[in-house]
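This report refers to the structure that appears directly beneath it.
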Amino acid sequence: MSSILIVDDEPQILEILSSYLSKEGYHVITAEEGREALEICATYPLSLIILDLMLPDMTGEDVCREIRKTSRVPIMMLTAKSSEADRITGLEIGADDYLVKPFSPRELVARVRAILRRMGDYQALSDIVELGDMTVSLREKSVTLKGKPVDMTPNEYRLLTTLLRYPGRTWTREELVEEVLGLDFAGSDRTIDTHIKNLRQKIEDDPRQPKYIKTVYGIGYRLDNPDKTGGNR
């Protein structure tokens, strides 16, 4: 059974979300303060954290940063802040999704299912994935190329591991936006092109003739294994 921690100082929200998620078969734990949430996170094996950003003792952003120092547990942020800058900040510090209040409990449940499904895909991968000259450690969230560490932003790493789940599959830009930036991302799907460009600069010998991340013209992108494809195409 998946265990979900809900962190919110509004008792009504805790009650409603606990009811909906419990009916879906999830084990629900609740906390009303950030420090209490950190103690629970350090004590219990969690599958997901639903985290309100406005807490009485510390900000949700600070709670997220503390969790990310030691854990990869998925985090969905709840907030009344609806600007694009706020959403981007939340995703950059390690959130996996971002839901703006007021929201439908049914939508939240659907997002919970989607996040846990994606995490199941990640966990199905080996802890260490080798692709050509590149090695990805899913446990340590690190990437090395020819034995040297590659510094990546959270979005770049999320984009790479999304592509890595299904090598050879073609992803549309819209699918990658949803997987990497979240359902609430309000910018252009061409934002993915920028992330792809930056990622290629870091992992490709020649970004203009990539051997890993290929453009599928008119559709999107796919990740190839150069050891199996025989190089560029």
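How much net charge surrounds R68 when only the other residues with a Cβ under 12 Å from the Cβ of R68 are counted, with Lys and Arg +1 and Asp and Glu -1?
-1
Between S2 and residues 5 or more places away or on another chain, which pairs have amide H atoms under 5 Å apart, with H built 1.01 Å from N, and which residues are they?
Excluding prolines and chain starts, which carry no amide H, the hits are H27.
Under a plain spin-label model, where a point goes 7 Å from the Cα along Cα-to-Cβ, how far apart in nm are R208 and I93?
4.1 nm
How far is it, in nm, from the label point at E175 to the one at S104 when both lie 7 Å from their Cα along the line to the Cβ?
2.5 nm
Could you check how much of the accessible area of the range 139-221 is carbon and sulfur, as a whole percent, using a 1.4 Å probe?
Roughly 47 percent of what the probe reaches on the range 139-221 is carbon or sulfur.
Per residue of the range 156-167, what does 6.51 cos²θ - 1.76 cosθ + 1.60 with θ = phi - 60° give for ³J(HN,Hα)? Whole Hz please, x for Gly and Pro, Karplus curve as stated.
Listing the rounded values in order: 5, 5, 5, 5, 4, 6, 5, 5, 5, 4, 9, x Hz.
Can you give the accessible area of D127 in Å² (nearest 10), computed on protein heavy atoms with a 1.4 Å probe?
70 Å²
Leaving out ligands, DNA and RNA, what percent of the accessible area of the range 1-117 is carbon and sulfur, probe 1.4 Å?
On the range 1-117, the fraction of accessible area on carbon and sulfur atoms equals 50 percent.
Suppose accessible area is computed on protein heavy atoms with a 1.4 Å probe; arrange E33, E61 from highest to lowest.
Descending accessible area places them as E33, E61.
Please say if the range 12-64 is rounded, prolate or oblate, where rounded means a/c under 1.5 for a ≥ b ≥ c the square roots of the C-alpha gyration tensor eigenvalues, and otherwise the choice is prolate for a/b larger than b/c and oblate otherwise?
Oblate is the answer for the range 12-64, as a/c is 1.5 or above yet b/c matches or exceeds a/b.
How far apart, in nanometres, would the label points at D189 and K69 be if each is projected 7 angstrom from Cα along the Cα-to-Cβ direction?
My value for the distance between the label points is 4.0 nm.
Go through S47, S22 and list them by solvent-accessible area, largest first, probe radius 1.4 Å.
The ranking, largest first, comes out as S22, S47.
So if we plug the beta-carbon distance of A85 and E33 into 1/(1 + (r/R0)^6) with R0 = 25 Å, what FRET efficiency do we get, rounded to 0.05?
The computed FRET efficiency comes out at 0.45.
Take the Cβ-Cβ distance between Q201 and D9 as r, set R0 to 41 Å, and report the resulting FRET efficiency rounded to the nearest 0.05.
Efficiency, from the Cβ-Cβ distance: 0.45.
Per residue, how much accessible area does the chain have with a 1.4 Å probe, in Å²?
In whole numbers, the chain has 50 Å² accessible per residue.
Gain in length, A114 to M54, computed as 0.36 nm per residue apart minus the alpha-carbon separation, to one decimal in nm?
Difference between extended and current length: 19.1 nm.
So for the chain, averaging the separation of alpha carbon pairs under 8 Å that are six or more residues apart and normalising by length, what relative contact order in percent results?
It comes to 13 percent, rounded to a whole number.
Tally the DSSP beta bridges in the chain and give the antiparallel ones as a percent, rounded to 5.
Percentage antiparallel, nearest 5: 50.
Given the rule -39500 (n - 2.57) for each run of at least 4 DSSP H residues, summed and divided by the residues of the chain, what is its mean residue ellipticity at 222 nm, to the nearest 500 deg cm²/dmol?
Computed ellipticity for the chain at 222 nm equals -12000 deg cm²/dmol.
Skipping prolines and chain starts, which residues have an amide H placed within reach, meaning under 5 Å, of the one on M54, given they are 5 or more residues away or on another chain?
G60
The values are calculated or read from the model by the stated rules, or taken from the named source; none is laboratory data. Since the structure is predicted, the reported quantities are computational estimates derived from the model, not experimental observations. Because the Cβ atoms are built from the backbone with ideal geometry, glycine has one as well, and the counts that use them run over all protein chains shown. Just the protein is used for accessible areas: all its heavy atoms, side chains included, with ligands, DNA and RNA removed. Shrake-Rupley method; radii C 1.70, N 1.55, O 1.52, S 1.80 Å.
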